[in-house]
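This report refers to the structure that appears directly beneath it.
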Amino acid sequence: MSQIPPLFKRELLGYFRSPVAYVFLVVFLLASVGLAFFLSGFFKSNVASMESFFFWHPWLFLFLVPAAGMRLWSEEKRSGTVELLFTLPVTTLEAVLGKFLAAWAFLALAILLSFPMVLTLAYLGDPDWGVVANSYLGSILMAGAYLGVCVFISALTKNQVISFVLSVMVCFVLALLGYSVFTEFLSGFLPVPLVDVISNFGFTTHFDGFTKGIIDPKDVMFFLSLIGFTLFLNVVALER
Amino acid sequence: MIEVKGLVKTYGTKRAVDGISFTVRRGEILGFLGPNGAGKSTTMKMITGFLRPDAGSALVDGIDVTTDPVAVKRRLGYLPESAPAYPEMTVGEFLGFIAEVRGFRTAAARRAQVDRAVALTHLESVRHQTIETLSKGYKQRVGFAQALLHDPPALILDEPTDGLDPNQKNEVRSLIKSMAAAKAVILSTHILEEVEAICTRVIIISQGRVVADETPAQLQARQPGARLDAIFRSLTQSDL
């Protein structure tokens, strides 16, 4: 595991060596803050809460996390650097973890850069700090789960477009499974226990608790085990 | 130093490598010749642990690459075909990253290794340039610098002089020759004069099999007075 730090460092700095990082950060912040202001009425609601900001995250991540994750393995495969990487003294697990953690740290940075929103709340009102902290935790965990899916899919192809489109598809399904409109639609013709099982695989189901200030170990475990599972698949895909 | 026993690799229905065996001792420079598609690169990729052989084994320093790939990778320097490198990094950053992964963890040790590799391959003038802006010859030298950065006991070079001008070719050849006394070197090439100039032994492969394994003088003695490329052609005729 001692090989993870250099790989992590190279990958994370790699985002900032190209315009990718700056474009991503600007688009993410404009979109997430814009949605909160213009669609959810961040100011108009007159409540010192970040809920209108976090409400959009499952849907925003649907496009933005695949955008940040699509290149991770596809690019290495296309440019041939994967051969360089795997003839250095690193194990596949170290390489996967180094890459994943770097991309996750980058996403966490993007999410945390929304801090001026929090400062605004603190200036204008008296927000519940526990809820705010929980929402950030939940958002970062959820971003990690989305990212796990995207990094795995990126390892399957050397084409970044395919990687992006497939990732969006899979993430869309995962987000939809927990979406109330969709589960209501399902309960029209499926038995309720089955619908509950299905919605338990949805991202929004497990994210909502965090935005209400509840840290349910089940939700944390859901995201962490999904990350673990996709990383395992990632290792298998690369060693194949 | 390097011992290859009955390596086999099959792609679909095509046997790319069909039971190749040879050994390379320290101080030897083995020229690996063969028509395109004869299995040279595939064999090298199996020795370096990038590809898993379907049968047979490759040992470096007595260690089997399939049982302990990381230990083998530590002892090898490998220049893959077309010298892949991370294009957005500068030469200095890239070699620094390689040094870190190769176990030179303090800044001073890293700097010493990078300085040495940069001096050996004459990269001083482009040290702070990003790799994507380099000409093919310089890129090749970056790949070369990366391979010998940790002063490995065994070097595997896939077409090290590909894309270089005649002066650079000469320089790389004399560099390989000067280092070879303490190392086992395998290099693949299409250039027959290169074999005459620096190799102590030649292996010609054709359709995944070894068709000749001898010194350049012995190879020449097969048809006294003939040019090497005529001998090469007659040995690899089955590929045509």
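The values are calculated or read from the model by the stated rules, or taken from the named source; none is laboratory data. Keep in mind the model is a prediction, meaning the values are calculated, not measured. With ideal geometry, Cβ positions are generated from the backbone for all residues, glycine too; neighbour counts draw on all protein chains shown. Accessible surface areas use protein heavy atoms only, side chains included; no ligands, DNA or RNA. Shrake-Rupley method; radii C 1.70, N 1.55, O 1.52, S 1.80 Å.
Among the residues examined, B:Ala154 qualifies as in contact with a strand residue (DSSP E or B) (Cβ under 9 Å, 6 or more places away or on another chain), within 13 Å of another protein chain (Cβ to nearest Cβ) and open to solvent by less than 10 Å² (accessible area, probe 1.4 Å). Go through the residues of the stretch B:121-136 one by one and say whether even a single one is at pLDDT 90 or above and of a type in the set (Asp, Glu). Yes, some residue in the stretch B:121-136 is at pLDDT 90 or above and of a type in the set (Asp, Glu). I'm trying to understand the selection: among the residues of the stretch B:197-212, which are open to solvent by 10 Å² or more (accessible area, probe 1.4 Å) and either over 17 Å from the mean Cα position of the chain (by Cα) or of a type in the set (Lys, Arg) (or both)? Matches in the stretch B:197-212: B:Arg201, B:Gln207, B:Arg209, B:Val210, B:Val211. Pairing residues of the stretch A:9-27 that are at the interface with another protein chain (Cβ under 10 Å from one of its Cβ atoms) with residues that are of a type outside the set (Lys, Arg) and outside any helix (DSSP H, G or I), at Cβ distances under 6 Å and at least 6 apart in sequence or on separate chains, gives A:Arg17/B:Glu88; A:Ser18/B:Glu88. Selection of the stretch A:1-51 for residues being over 18 Å from the mean Cα position of the chain (by Cα), polar (S, T, N, Q) and either more than 30 Å from A:Gly98 (Cβ to Cβ) or not in a loop (DSSP other than H, G, I, E, B) (or both) yields A:Ser40, A:Ser45, A:Asn46, A:Ser49. Every condition in (1) open to solvent by 10 Å² or more (accessible area, probe 1.4 Å); (2) of a type outside the set (Val, Ile, Thr); (3) more than 9 Å from every other protein chain (Cβ to nearest Cβ) holds for B:Leu30 except the one numbered (1). Exactly one residue out of A:Val151, A:Val195, A:Val170 is open to solvent by less than 20 Å² (accessible area, probe 1.4 Å) and within 16 Å of the chain's Cα centre (by Cα), and it is A:Val151. The residue pairs whose first member lies in the stretch A:79-104 and is at the interface with chain B (Cβ under 10 Å from one of its Cβ atoms) and over 14 Å from A:Ala155 (Cα atoms), whose second member is open to solvent by less than 20 Å² (accessible area, probe 1.4 Å) and of a type in the set (Lys, Arg), and whose beta carbons are closer than 6 Å, counting only pairs six or more residues apart or on different chains, are A:Thr87/B:Lys73; A:Pro89/B:Lys73. Among the residues of the stretch B:76-91, some residue qualifies, meaning at least one is farther than 21 Å from A:Glu239 by Cα, among the polar types (S, T, N, Q) and under 13 Å from the mean Cα position of the chain (by Cα). Taking the stretch A:65-78 as the range and being away from chain B (no Cβ under 14 Å), open to solvent by 20 Å² or more (accessible area, probe 1.4 Å) and part of a helix (DSSP H, G or I) as the test, only A:Ala67 passes. Confirm whether B:Gly49 is of a type outside the set (Phe, Trp, Tyr) and more than 9 Å from chain A (Cβ to nearest Cβ). It is false that B:Gly49 is of a type outside the set (Phe, Trp, Tyr) and more than 9 Å from chain A (Cβ to nearest Cβ).
If you take the residues of the stretch A:154-163 that are over 12 Å from A:Ala68 (Cα atoms) and assigned to a helix (DSSP H, G or I), which of them is most open to solvent (accessible area, probe 1.4 Å)?
Taking the candidates together, the pick is A:Val161.
Starting from the stretch B:91-115, keep only residues that are within 12 Å of chain A (Cβ to nearest Cβ), then list their pairs with residues that are hydroxyl-bearing (Ser, Thr, Tyr) and surrounded by 21 or more Cβ atoms within 10 Å (Cβ to Cβ) whose Cβ atoms are within a distance under 8 Å, requiring at least 6 positions of separation or different chains. These pairs meet every condition: B:Phe94/B:Tyr86; B:Phe97/B:Tyr86. Listed conditions (1) part of a helix (DSSP H, G or I); (2) at pLDDT below 90; (3) of a type in the set (A, V, I, L, M, F, W, C) are all met by A:Val151, apart from (2).
If the condition is being open to solvent by 10 Å² or more (accessible area, probe 1.4 Å) and over 19 Å from B:Arg173 (Cβ atoms), then the stretch B:221-231 contributes B:Ala221, B:Arg222, B:Gln223, B:Pro224, B:Gly225, B:Ala226, B:Arg227, B:Ala230. For the stretch A:106-142, the tally of residues that are outside any helix (DSSP H, G or I) and within 24 Å of A:Thr205 (Cβ to Cβ) stands at 2.
Are there any helices (runs of 4 or more DSSP H) wholly within the stretch B:42-143 with 3 or more residues that are among the aliphatic types (A, V, I, L, M) and open to solvent by 40 Å² or more (accessible area, probe 1.4 Å), and if so which?
Of the helices (runs of 4 or more DSSP H) lying wholly inside the stretch B:42-143, those with at least 3 residues that are among the aliphatic types (A, V, I, L, M) and open to solvent by 40 Å² or more (accessible area, probe 1.4 Å) span B:107-120.
Restrict the check to the stretch A:52-60 and report whether at least one residue is of a type in the set (S, T, N, Q) and buried (at least 21 other Cβ atoms within 10 Å of the Cβ). No - not one qualifying residue is present in the stretch A:52-60. Scanning the stretch B:133-178 for residues that are under 27 Å from B:Asn36 (Cβ atoms) and among the acidic types (Asp, Glu), we see that the one that is nearest to the chain's Cα centre (by Cα) is B:Asp158.
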